[in-house]
Amino acid sequence: MKFNLKKFLADNSVPIMFIIICIICIPLSGFSTSYLLNEIVTRIVRNAFLILSLLIPIMAGMGLNFGMTLGAMAGEIALIFTSDWQIWGIPGVVLAMILSIPISILLGTLCGNLLNKSRGREMITSYIISFFINGIYQLVVLYMMGPIIPIIHQSIKLPRGYGIRNTVSLLNLRQSIDNLISINILGVKVPVVSFLIIIALCLFIVWFTKTKLGQDMRAVGQNMEVARAAGINVERTRVLSIIMSTVLAGFGMILYLQNMGNIATYSSHSQIGMFCIAALLVGGATVDKASIGNVFLGVILFHLMFIVAPKAGTVITGDSMIGEYFRVFISYGVITLALVMYEAKKHKKKKMAEGDDNEKQ
Amino acid sequence: MKNNKHILYKIIVVVVLVAICFIMIYIGRGHTLYFDNKGMEVNGTYYNPPYRVKVLIKGKEVANLKDGDRGMGIWIGPKAHLELEVTKERGVAKENIKYDLPLPRKYDGVVINLVGLLNVANYDEYISEFIPLATVTNSEDEEVVIDDLGELGFGE
């Protein structure tokens, strides 16, 4: 098979664009290699699990699951309880993960069933569902925690006596998993256990694709009508993919927040779906195709750009805000570009298929 | 039959997860420990504090206390394993003593009087709850900041 440069560039335009941005910005930023490596390792540990949770719905043909925010909210609620009950360290993280499961399953089932009713418009629907559930989350956390749901500690309650503060400290959980076993390689701190958890999830995803349910999801993702004709319960399979993604997103959010060391109660989850999806797209994934490799390439490139862009912006323009605007503009821009390219490709394929049909006739 | 098996598996998974939850709640209860090196009366006898007490948790020194000092450390779990390095008087050789101290579950902060602990006082005499002093707070409520479509929280 001949290597087609044009096709390669067209297929990988987003990662290539980001590689070029990073190549330009890294020397301008003036950051040392060890600093950049440390930052990248930290951000892989923090974000990879969350981004990996997006792979299963893509496999089932549900597109990019903006509804992962629901899992993030479940993780936050679980961490609020853990913090209130004063369960610290690794037991606190494990407890929060288990507590998040029923909430994630409940929200995932709701989201999956709604998405089944809006077939073909899953992404925009999941995006709007995340806003809807965010309203319910605010109602629960702001008004029900305290008077209805018992919260003991004054330190996490608002001064008025009910509702949770803007920030909940996770100081006693902070980096408990990251620091369990960490090794230093050439000045770069590598949290071994966190990487093992991420690798375990990667292996699980690889194994899962080979199971009966995994194969069903792939079949549903490729063609729903054919899958239905083959006896697969399409609706159930799609709901299960969203539930799995939501549960994994909940775990991912807990790992993310234990790394950060605090919860911004009303905003931590709000953009998490957006930046995870942006990172996945930067890694070369599309709406209907994503791999584990895309996740890691995406995390590295996206966050490398995030680290170096503000400093590079300061050097070029003398104003650090330009760099901030630049990276926000790039993040949203890349999602737009990827979605437009996906639609254009789909349109082109459809036209070609129609052309072939006409020729046959 | 197959359906019953599935339900049974689900019940087992739920029971195991609930059991893990209880274990985590038991072993993960965190306490802030406050160590007081202050004289106290034990069974009618007044004991003066030692010249210096070093408190080690998991081999790490968390407090180095002279007469009247208070130190602090944290412990996760129902029983604190403490190591005390006691110098009774200046110039006298130090003595290492290990304790496995059960901690009251209901207390977030536990005050341990080391003099009572060293002189075998009753548990209730040398262990007490740490009650933080009420601080003057602004009567105005904290403004809740809700980020719906606003700033980007890109994991900074």
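Please pick out the residue among B:D36, B:D67 that is under 22 Å from A:Q86 (Cβ atoms) and away from every other protein chain (no Cβ under 14 Å).
On the way: B:D67 fails: under 22 Å from A:Q86 (Cβ atoms).
When all the criteria are applied, what remains is B:D36.
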B:G73 fails exactly one of (1) outside any strand (DSSP E or B); (2) touching a residue at least 40 places away in the same chain (Cβ under 8 Å); (3) open to solvent by less than 70 Å² (accessible area, probe 1.4 Å), namely (1)
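Results for (1) within 14 Å of another protein chain (Cβ to nearest Cβ); (2) modelled with pLDDT under 90, shown as yes or no for each residue.
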site: B:W75; (1), (2): yes, no
site: B:N113; (1), (2): no, no
site: B:A121; (1), (2): no, yes
site: B:L133; (1), (2): yes, yes
site: B:I146; (1), (2): yes, yes
site: B:G153; (1), (2): yes, yes
Pick from the stretch A:210-237, criterion among the small types (G, A, S) and open to solvent by less than 20 Å² (accessible area, probe 1.4 Å), ranking: farthest from A:L55 (Cα to Cα): A:A227
Taking first residues from the stretch A:173-199 that are closer than 21 Å to B:H31 by Cβ and among the basic types (K, R) and second residues anywhere that are assigned to a helix (DSSP H, G or I) and open to solvent by less than 50 Å² (accessible area, probe 1.4 Å), the pairs with Cβ under 7 Å that are 6 or more apart or on different chains are A:R174/A:Q258
Can you tell me which residue in the stretch A:155-172 is nearest to B:I25 (Cα to Cα), limited to those that are touching a residue at least 40 places away in the same chain (Cβ under 8 Å) and more than 10 Å from every other protein chain (Cβ to nearest Cβ)? A:L170
List the strands (runs of 3 or more DSSP E) that sit entirely inside the stretch B:1-49 and contain at least 2 residues that are open to solvent by less than 80 Å² (accessible area, probe 1.4 Å) and over 30 Å from A:L173 (Cβ atoms). B:40-42, B:45-47
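Among the residues of the stretch A:81-96, write down those that are over 21 Å from the mean Cα position of the chain (by Cα) and surrounded by 24 or more Cβ atoms within 10 Å (Cβ to Cβ). Break it down stepwise before answering.
First pass over the stretch A:81-96, keeping only residues over 21 Å from the mean Cα position of the chain (by Cα): A:81-92, A:95.
Scanning the stretch A:81-96 gives A:T82, A:S83, A:I87, A:W88, A:P91, A:G92, A:L95.
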Does the stretch A:238-293 hold any residues that are of a type in the set (G, A, S), within 14 Å of chain B (Cβ to nearest Cβ), open to solvent by 10 Å² or more (accessible area, probe 1.4 Å) and part of a loop (DSSP other than H, G, I, E, B), and which are they? A:S267, A:S268, A:S270
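I'd like to know if the stretch B:98-107 contains one or more residues that are aromatic (F, W, Y), outside any loop (DSSP other than H, G, I, E, B), free of Cβ contacts under 8 Å to residues at least 60 places away in the same chain and surrounded by 16 or more Cβ atoms within 10 Å (Cβ to Cβ).
No, every residue in the stretch B:98-107 fails to be aromatic (F, W, Y), outside any loop (DSSP other than H, G, I, E, B), free of Cβ contacts under 8 Å to residues at least 60 places away in the same chain and surrounded by 16 or more Cβ atoms within 10 Å (Cβ to Cβ).
Do you know which residues across the stretch A:88-104 are hydrophobic (A, V, I, L, M, F, W, C), out of contact with any helix residue (DSSP H, G or I) (no Cβ under 7 Å at 6 or more places or on another chain) and within 7 Å of another protein chain (Cβ to nearest Cβ)?
Within the stretch A:88-104, the subset hydrophobic (A, V, I, L, M, F, W, C) is A:88, A:90, A:93-99, A:101, A:103.
If we keep only those that are out of contact with any helix residue (DSSP H, G or I) (no Cβ under 7 Å at 6 or more places or on another chain) too, we end up with A:88, A:90.
Result: A:W88, single match.
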Within the stretch A:32-87, restricting to residues that are of a type in the set (S, T, Y) and within 13 Å of chain B (Cβ to nearest Cβ), the one that is nearest to B:C21 (Cα to Cα) is A:T82
Conditions (1) over 19 Å from the mean Cα position of the chain (by Cα); (2) open to solvent by 20 Å² or more (accessible area, probe 1.4 Å); (3) closer than 23 Å to B:Y46 by Cβ -> B:D124 fails only (1)
Check on B:L56, open to solvent by less than 30 Å² (accessible area, probe 1.4 Å) and either in contact (Cβ under 8 Å) with a residue 40 or more places away in the chain or out of contact with any helix residue (DSSP H, G or I) (no Cβ under 8 Å at 6 or more places or on another chain) (or both): yes
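Hey, among the residues in the stretch A:294-306 that are open to solvent by 20 Å² or more (accessible area, probe 1.4 Å) and among the aliphatic types (A, V, I, L, M), which one's farthest from the other protein chains (Cβ to nearest Cβ)? Even if it seems obvious, please write down each step before you answer.
Restricting attention to the stretch A:294-306, the residues satisfying the condition of being open to solvent by 20 Å² or more (accessible area, probe 1.4 Å) are A:294, A:296-297, A:300, A:304.
Those left that are additionally among the aliphatic types (A, V, I, L, M): A:297, A:300, A:304.
Working: A:L297: 18, A:I300: 14, A:L304: 13 Å.
Selected residue: A:L297.
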Scan A:L114, A:L201, A:L99 and give me the residue that is touching a Leu at 6+ places or on another chain (Cβ under 8 Å) and buried (at least 17 other Cβ atoms within 10 Å of the Cβ). A:L201
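When you look at A:C25, is it over 22 Å from the mean Cα position of the chain (by Cα) and not β-branched (V, I, T), yes or no?
Working: over 22 Å from the mean Cα position of the chain (by Cα): yes; not β-branched (V, I, T): yes.
Against the criterion (over 22 Å from the mean Cα position of the chain (by Cα) and not β-branched (V, I, T)), A:C25 qualifies.
The values are calculated or read from the model by the stated rules, or taken from the named source; none is laboratory data. Model, not experiment: these values are computed from the prediction. Positions of Cβ are generated from backbone atoms using ideal geometry, with glycine treated the same way; all protein chains shown enter the neighbour counts. Just so you know, the surface numbers come from the protein's heavy atoms only, side chains and all, with ligands and any DNA or RNA stripped out. Shrake-Rupley method; radii C 1.70, N 1.55, O 1.52, S 1.80 Å.
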